[in-house]
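Q: The structure that follows is given in the form of structure tokens.
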Amino acid sequence: MSESEARRPVVLRGGTVLTLDDAHTVLTDADVLVVDDRIAAVGPGLSVPDGTEEIDARGGIVMPGMIDTHRHMWQTAMRGYGADWTLTQYFVWYYLEHGRAFRPEDVYAGNLVGAIEAVDAGVTTTVDWSHGLQTAQHADAAVDALQAVPGRFVLGYGNIQDAPANWTASPEFRDFVDRRMSGDRDMLGFQLAFDVTGDPAFPEKPAFEVARELAVPVTTHAGVWGATNDDGIRLMHDHGFMTPETVYVHAATLSADSYHRIAATGGSVSVSTESEQSAGQGYPPTWALRNHGIPVSLSMDTTVWWSGDLFSAMRTTLGADRSREHLEAHARGETVTHAALRSEQVVDWATRGGARSLGRDDLGSLEVGKKADVVLIRNEHSPVMFPLLNPYGHVALQAQRGDVEAVIVDGRVVKRDHRLVGIDLAGARRTVEATVDHLRSTLGEEAWEAGMNPEVPETKVLDNPYTYTDYRSASTHEAQNS
Ligand SMILES: [Zn+2]
């Protein structure tokens, strides 16, 4: 595909348009015109330049590209392997035992398929929380993969095999930054990704100073049960390293004091509800963050366990928040009659929330002059696309990744008619298969199988106290036993 062909103006005709502008304007039977890398016009019956490519959006929803602010893309090479893990098993496998077995080409493989997967699902910007960068060669491989896919990415540079103060001070890291991160950061942003242990000596301080010197944000797993806690937040705050650019991932087991510090310094939280529900970082915190006015973005964390699309993030976040709200009310003997968290809000978090978190005012909404990252949700073969009555609810609770018909990133059509454009999926499959072969043979069959099938804890099955021949109601049962 030539440059001129790729950047042909394109218009999406006749859709329900969720602009996600400040007023959250929703237009029906409206068009979105893209010229070069920008939104050129939004409205009904637009006249367009000669030669504009037309995409039929009738019956569909046109919305801004979604933004995932925390994904360990290198782990996509192990998709689904850890479906039954806890956080402890994840830490042992990646941090202590087998994470070291990843070669640069394995990081490339994971990132490549993770990047393709993101674009396919309408996630036009993804933060690659890349904490498997044991060497600069691994980092080069990570970036090579991100640049091979026509999505927008942010490299969160990290290395779980070494202390943040060490790897950020290494000449090879500085050389990598000079070589790969010194140019335009529009399509490939840059963050430093490391965690704060809470050690009173604050050994992460030099790494924060490097981030400040390079003028890049820090993203950090904060409030993770058993791993990071209020001490880390307090140390960051006391040393002046909590800024509006800082992204706190999970923030699920923090006190009100920590939430106050995050709110007061203007940072945001990346909530990974599917992850928090299953791995055990803490209860998905949106219900608490809302009460503190802390900005939220959404993320999927890793496909070694979960799905990798933001429809799942929106759905589980709505469910977890409402579940908590009901539970808290029931504990007080009360009934929730009106849900506080609305589908409109989670759609905002999946788009504008991510843009705010990344300091990208030019992303996250469909407004004239903004970058043209656009998603069309439409599926003529699905009975779930009609009736289309409540478009935010439809996005959050009805649609799924297979309904993403078209995706535009930076003005380029990268998915059309439910098919990726110009992406070598077969090549990506072969690349990942080679990585799986390498890991499987390196670990050995026994360790490979054991890693995927953790032991089930022993449970004592109690005798069933209920019988059908000698029925007693719960109240008589209690009375007889009191
Ligand atoms: Zn994570």
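The values are calculated or read from the model by the stated rules, or taken from the named source; none is laboratory data. Remember, predicted model here, so these are calculated numbers, not experimental data. Note that each Cβ is placed from the backbone with ideal geometry, even for glycine, and that neighbours are counted across all protein chains shown.
Q: Name the single residue that is surrounded by the most Cβ atoms within 10 Å (Cβ to Cβ) among those in the stretch 41-66 being over 25 Å from L389 (Cα atoms) and of a type in the set (V, I, T).
A: V48
Q: Between residues in the stretch 413-434 that are in a loop (DSSP other than H, G, I, E, B) and residues that are modelled with pLDDT under 95, which pairs lie under 6 Å by C-beta distance while being six or more apart or on different chains?
A: Listed by first residue and then by second, the contacts come to G422/M1.
Q: Looking only at the stretch 118-163, count how many residues are out of contact with any strand residue (DSSP E or B) (no Cβ under 8 Å at 6 or more places or on another chain) and either under 22 Å from R185 (Cβ atoms) or in a helix (DSSP H, G or I) (or both).
A: Adding up the residues that qualify gives 8.
Q: Report yes if Q89 is at pLDDT 95 or above, within 16 Å of the ligand (Cβ to nearest atom), part of a helix (DSSP H, G or I) and not hydrophobic (A, V, I, L, M, F, W, C), otherwise no.
A: On the way: at pLDDT 95 or above: no; within 16 Å of the ligand (Cβ to nearest atom): yes; part of a helix (DSSP H, G or I): yes; not hydrophobic (A, V, I, L, M, F, W, C): yes.
No; evaluated as a whole, the condition is false for this residue.
Q: Of S357, S307, which residue is closer than 13 Å to I67 by Cα, surrounded by 15 or more Cβ atoms within 10 Å (Cβ to Cβ), among the hydroxyl-bearing types (S, T, Y) and within 16 Å of the ligand (Cβ to nearest atom)?
A: On the way: S307 fails: closer than 13 Å to I67 by Cα.
Exactly one of S357, S307 is closer than 13 Å to I67 by Cα, surrounded by 15 or more Cβ atoms within 10 Å (Cβ to Cβ), among the hydroxyl-bearing types (S, T, Y) and within 16 Å of the ligand (Cβ to nearest atom), namely S357.
Q: Which pairs have Cβ atoms under 8 Å, sit 6 or more apart or on different chains, and link a residue in the stretch 364-389 that is over 28 Å from D37 (Cα atoms) to one that is in a helix (DSSP H, G or I)?
A: S382/G402; S382/D403; V384/Q398; V384/D403; M385/D403; L388/H394
Q: Right, something else. Tell me, which residue of the stretch 310-335 that is in contact with a Lys or Arg (Cβ under 9 Å, 6 or more places away or on another chain) and over 24 Å from T76 (Cβ atoms) is surrounded by the most Cβ atoms within 10 Å (Cβ to Cβ)?
A: Per the stated criteria, the residue is D321.
Q: Return only the number of the condition from (1) closer than 30 Å to T442 by Cβ; (2) within 16 Å of the ligand (Cβ to nearest atom); (3) buried (at least 18 other Cβ atoms within 10 Å of the Cβ) that Y95 does not satisfy.
A: (3)
Q: So which of H330, H338 ends up being assigned to a helix (DSSP H, G or I), of a type outside the set (K, R) and either more than 16 Å from the ligand (Cβ to nearest atom) or free of Cβ contacts under 8 Å to residues at least 24 places away in the same chain (or both)? If you could, list the steps in order and put the result at the bottom.
A: Values: H338 fails: assigned to a helix (DSSP H, G or I).
Selected residue: H330, the only one of H330, H338 that is assigned to a helix (DSSP H, G or I), of a type outside the set (K, R) and either more than 16 Å from the ligand (Cβ to nearest atom) or free of Cβ contacts under 8 Å to residues at least 24 places away in the same chain (or both).
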